[in-house]
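Below is one structure, written out as structure tokens, with a few remarks after it.
Each reported figure results from applying straightforward, stated rules to the coordinates on display, with no laboratory input. Keep in mind the model is a prediction, meaning the values are calculated, not measured. Cβ sites come from the backbone with ideal geometry, for glycine too, and all protein chains shown count toward neighbours.
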Amino acid sequence: MFGSILSQVLERVLELPPARTRKIEVTRNLRVPMRDGVVLLADRYAPEDGGAGDAAELPTVLVRSPYGKGGLHSVMYGRPFAERGYEVVIQSCRGTEHSGGILDPFRQEAADGLDTLVWLGRQPWAGDVVTTGPSYLGFSQWALASALASVPDDGSWEGIPRPRAMAVQLAPSDFREPVYEGGSFALHTFLRWTRQRWNFERDEPLHLVRAFGRVLLGVEGRAVGRAEARLPLGDLDRWATGRRVDYWQGWLEHDAPHDPWWDSARHGDAVAGITAPVHLLGGRYDLFLPGLLRDYARLRDAGRQPRLTIGPWAHEDPAWVPVATREALAFFDTHAKGERGRLRDTPVRVHVGGAEEWRDYPDFPPPGVRAERWHLHGGHLLAREAPGDSPPEGYRYDPADPTPSVGGPLFGRGAGPRDNRALEARPDVLTYTSEPLGRNLEVVGPVEAELWVRSSLAHADFFARLCDVEPSGRSVNVSDALLRVSPGRPEPEEDETLQLRIELWPTAHSFRRGHRLRVQISSGAHPRLARNTGSGEPLAAATKLVAAAQQVFHDPLHPSAVVLSVLA
């Protein structure tokens, strides 16, 4: 009775199509064997009456999660899809919620996903397979697709079901890139994720209630925030969990860009070979938007026709859930059941900030976008005209008092658009601001900062942020990114300046008439990104803090600029 009432409430809240049945049979803890003898557990949700059809013919929605298979996942995937004519299998990943083995995040999902497909192929009730899920659950879909691409075509894997459709939300195919955003370690996201994993592992009811209460009261956030201020980074796993965490140590140790340790967590090369229809959903302030859009481009370049939705969301904004559920259902109904009519006509839908409206496009970036350069000028000005002669402007970056992160693509509270005026008042932040706009300026697509800089240290970071300054003076962040430099990366010019190309978060934003554009330049966004200590010490062990004198150039020989994708 309670499940039926809850499903009716969810149907209204999520604005789902009417259920075909309310009678759902749930089978707990199905044993799914892996090739190495480890057993993973899964729950199955099935319409008792076959969803108005033969249950053996129903498509099977596969969800693979490290966050448990009951609770929220039951609410998000179990009943909603089963009530609308799908078998649903929700599996706990290796080493999570009583599944066997040890969790090694991101690096084991390809093999385990493939073995799960083999198991599904042997179940008499399993029909065509489709996959869905956000974040880690989305990455596990990319890993599974990558594993299928490596299956030999010699008949040894005959009978394995291949996904008929994939609905990936808030997840890239390559997980090394967001761990080392711009070359700097994503401290905030992955320390909090490690702490979160520890809370899931300690699944005693009293502990979970206590942990949830700490989150609601903000105690957990303040405690993790104190840990984020500590050094060395190699000790923070012990603070977060009370013990050494092998994967935390592995992330820090393997910081070289092309370290083969990450190969099993990189699946970008396989994306172009995916033939199943793919639906991608991301957020303008999501942690993983750049990687998701690279996957979209890989599919488009390979001649596929992926569908894309980009909303105004950050990673943990619950507002994306109803959109993702409705669009995944419509997508699966079309490609797994052959039912037409609920998919939108255009493949791309984007929420445009500033205008605060949804727009449909045939592609992303949309046709007609042109690159428009806005140059940094002396006197902290930003203008389309090329700069004249002017001396560089400088600031001192002190890792003992690192420039803080404000808003943007954060994990947890405080993410998204925020007022940046207090940040911009700091002496270690430079700003360059345009005159008020005489007309609306529509920016839809990539954003890049081309900067000419000089640092007193060989190891330094440079952070660029694009803001929308309202007539009231409120400065709201739109897009940003950081780039870490080290000896020889990039090679210095003859005058010892460095030419940097920083790919900011892609965006869709309308700068309204009377507003101004602003570019911030600094050398950090802590604790979102681990501070650059300036010492060149190994990442995990660094404790020595060395301040840097930074300069930003803007003259005819060093035309620093931000490059916007302007929609005509």
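To make sure I understand the rule: partners must be lysines, Cα under 23 Å from the Cα of residue 337, and not fewer than 8 residues away in the same chain. Which ones qualify?
The reachable lysines, counting only those whose Cα sits under 23 Å from residue 337, are 23.
For region 13-103, which chymotrypsin sites (Phe, Trp or Tyr not before Pro) are both in a DSSP coil and crowded by at most 11 other Cβ atoms within 10 Å?
none
Apply the Debye scattering formula to region 52-175, with a single equal point scatterer on each alpha-carbon and no solvent, then give log10 I(q)/I(0) at q = 0.11, 0.12, 0.20, 0.22 Å⁻¹.
-0.35, -0.42, -1.19, -1.40
In deg cm²/dmol and to the nearest 500, what is the mean residue ellipticity at 222 nm of the chain if only DSSP H runs of at least 4 residues count, each as -39500 (n - 2.57), divided by the residue total?
So the helix-based figure for the chain works out to -7000 deg cm²/dmol.
Would you mind calculating the gained length between residue 401 and residue 154 on full extension (0.36 nm times residue separation, minus the Cα-Cα distance), in nm to one decimal?
In short, 82.9 nm is gained.
Roughly how far apart, in whole Å, are the Cα centres of region 520-541 and region 65-81?
Using only Cα atoms to place each centre, the spacing works out to 37 Å.
Please check which bits of region 440-461 a label hung off residue 557 would reach, taking the label as a point 7 Å along Cα-to-C-beta and the cut-off as backbone N under 15 Å.
452-454
Relative to the longest principal Cα axis of the chain, at what angle does helix 320-336 sit, 0 to 90 degrees, rounded to 10?
50
Bin width 5 Å, origin at 0, all Cα-Cα pairs of region 369-567: what percent of pairs per bin?
The calculated distribution, bin by bin, is 1, 8, 16, 21, 21, 17, 10, 5, 2, 0, 0.
Using the Cα atoms of region 239-355, I'd like the radius of gyration and the largest Cα-Cα distance, Dmax, both in angstrom.
For region 239-355, the Cα-based Rg and Dmax read 17.8, 53 Å.
At what distance in nm do the modelled label points of residue 49 and residue 437 sit from each other, each positioned 7 Å from its Cα along Cα→Cβ?
5.4
Rounded to whole Å, give me the distance from the Cα center of region 180-202 to that of region 291-324.
Region 180-202 and region 291-324 have Cα centres separated by 23 Å.
Filter the trypsin sites (Lys or Arg not before Pro) in region 255-364 to those in DSSP coil with at most 11 other Cβ atoms within 10 Å of their Cβ, and list the result.
Answer by residue number: 340.
Could you check the spin-label model distance between residue 501 and residue 342? Points 7 Å from the Cα along Cα→Cβ, value in nm.
4.3
Full-extension gain between residue 513 and residue 494, please, as 0.36 nm times their residue separation minus the C-alpha to C-alpha distance.
2.7 nm
Using only C-alpha atoms and all pairs of different ones, pull out the Kirkwood radius for region 446-543 in Å with one decimal.
This gives a value of 15.0 Å.
Size of region 27-98 along its principal axes in angstrom, Cα-based, largest extent first?
Each principal axis gives a Cα extent; for region 27-98 these are 38, 25, 15 Å.
Let a ≥ b ≥ c be the square roots of the eigenvalues of the Cα gyration tensor of region 378-484; is it rounded (a/c under 1.5), or, if not, prolate (a/b larger than b/c) or oblate?
oblate
Provide the gained length on full extension for the span residue 13 to residue 275, in nm with one decimal, where the gain is 0.36 nm per separating residue minus the Cα-Cα distance.
91.0 nm
Between residue 21 and residue 458, what FRET efficiency comes out of the Förster formula 1/(1 + (r/R0)^6) with R0 = 45 Å and r the beta carbon distance, rounded to 0.05?
Using R0 = 45 Å, I get an efficiency of 0.10.
Which residues make up the longest stretch of the chain that has no GluC sites (Glu not before Pro) in a DSSP loop with at most 13 other Cβ atoms within 10 Å?
Within the chain, the longest run free of exposed GluC sites (Glu not before Pro) spans 159-338.
In whole Hz, what ³J(HN,Hα) sequence does region 546-562 give by Karplus (6.51, -1.76, 1.60; θ = phi - 60°), x for Gly and Pro?
Working through the residues one at a time gives 10, 6, 10, 9, 10, 10, 10, 9, 7, 8, x, 7, 9, x, 4, 7, 10 Hz.
For region 447-492, with equal point scatterers placed on the C-alpha atoms only and solvent neglected, what are the log10 I(q)/I(0) values from the Debye formula at q = 0.34 1/Å, to two decimals?
Here the Debye-derived log intensity ratios amount to -1.27.
State, as an integer percentage, the relative contact order of the chain based on alpha-carbon contacts under 8 Å between residues 6 or more apart.
Here the relative contact order equals 14 percent.
Separation between the residue 358 and residue 246 pseudo-spin-labels, each 7 Å from Cα along Cα→Cβ, expressed in nm?
4.5
Just the C-alpha atoms of region 354-438: what Rg/Rh do they give, with Rh taken as the Kirkwood radius?
Result: Rg/Rh = 1.04.
On a 0 to 90° scale, report how tilted helix 136-149 is relative to the longest principal axis of the chain, with both axes built from alpha carbons and the result rounded to the nearest 10.
Roughly 70 degrees, rounded to the nearest 10.
Relative to the longest principal Cα axis of the chain, at what angle does helix 187-201 sit, 0 to 90 degrees, rounded to 10?
Here the helix axis deviates by roughly 30 degrees.
Among the trypsin sites (Lys or Arg not before Pro) within region 34-124, which fall in a DSSP loop and have no more than 16 other Cβ atoms within 10 Å of their own Cβ?
Listed in order of number, the matching sites are 35, 122.
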